[in-house]
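These notes concern the structure reproduced below.
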Amino acid sequence: MDFFIYVKNMGRAAKGLCQRIDSCLPDKRTETFHSLGQLASGLCRPSSGRGETIALLFADDHQELARLLSIRDLLDDFRIVLVLPEYHKELVSLGHQLRPRFVGFAEGGLEDVAAVLQKMMKKHL
């Protein structure tokens, strides 16, 4: 299993979650992208052949989510976990267009996101 992380602005909570993910995955099978162009390039590369890939996507605001939606076709084969800044009905509705396995919210901490990711990783390791 490989792990792609897209986070434009690495805050303390996101950094802690990324470190937690990194410590759970052997062989450094994580890649972190800080721009949409980098993410799109990474998504277009052939997979490592180690099974499914999880994409953890942080959308800081409505505009960032709109940019992610512009490349949603590249995300079709990925298991997506989406982190939105806070719960807003319109934002959540847009986020579901990415067909995520889970939607979490940064405002409430990322413990629920971490738990979901750990469960997903255990299932595939």
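According to a simple spin-label model (label point 7 Å from Cα along Cα-to-Cβ), what is the distance in nm between residue 74 and residue 101?
Once both label points are built, they end up 2.1 nm from each other.
Using +1 on the beta carbon of Lys and Arg, -1 on that of Asp and Glu, and nothing else charged, what's the dipole of segment 2-124 about the Cα centre, debye to 20?
380
If you only keep lysine pairs separated by 8 or more in sequence, or across chains, how many in segment 2-124 come under 22 Å at the Cα atoms? Mind showing how you got there, number by number?
Numbers: 8/28; 15/28; 15/119; 15/122; 28/119; 28/122; 28/123.
Within segment 2-124, the lysine pair count is 7.
To one decimal place, what orientation-averaged projected area in nm² is obtained for the convex hull of the Cα set of the chain?
6.8
Can you tell me, using C-alpha contacts under 8 Å and at least 6 residues apart, the relative contact order of the chain as a whole percent? Could the numbers behind the result be given before it?
Values: 174 pairs, mean separation 34.8, N = 125.
Relative CO of the chain lands at 28 percent.
Net charge near residue 17: determine it from the other residues with C-beta under 13 Å of the C-beta of residue 17, scoring Lys and Arg +1 and Asp and Glu -1.
For residues surrounding residue 17, the net value is 0.
First measure r as the distance between the Cβ atoms of residue 112 and residue 30, then evaluate 1/(1 + (r/R0)^6) with R0 = 25 Å and state the FRET efficiency to the nearest 0.05.
The calculated FRET efficiency here is 0.80.
Every number in this text was worked out from the coordinates using simple rules, so none of it is lab data. This is a predicted model, so every value here is computed, not measured. Reconstructed Cβ throughout: ideal geometry from the backbone, glycine too, with neighbour counts over all protein chains shown.
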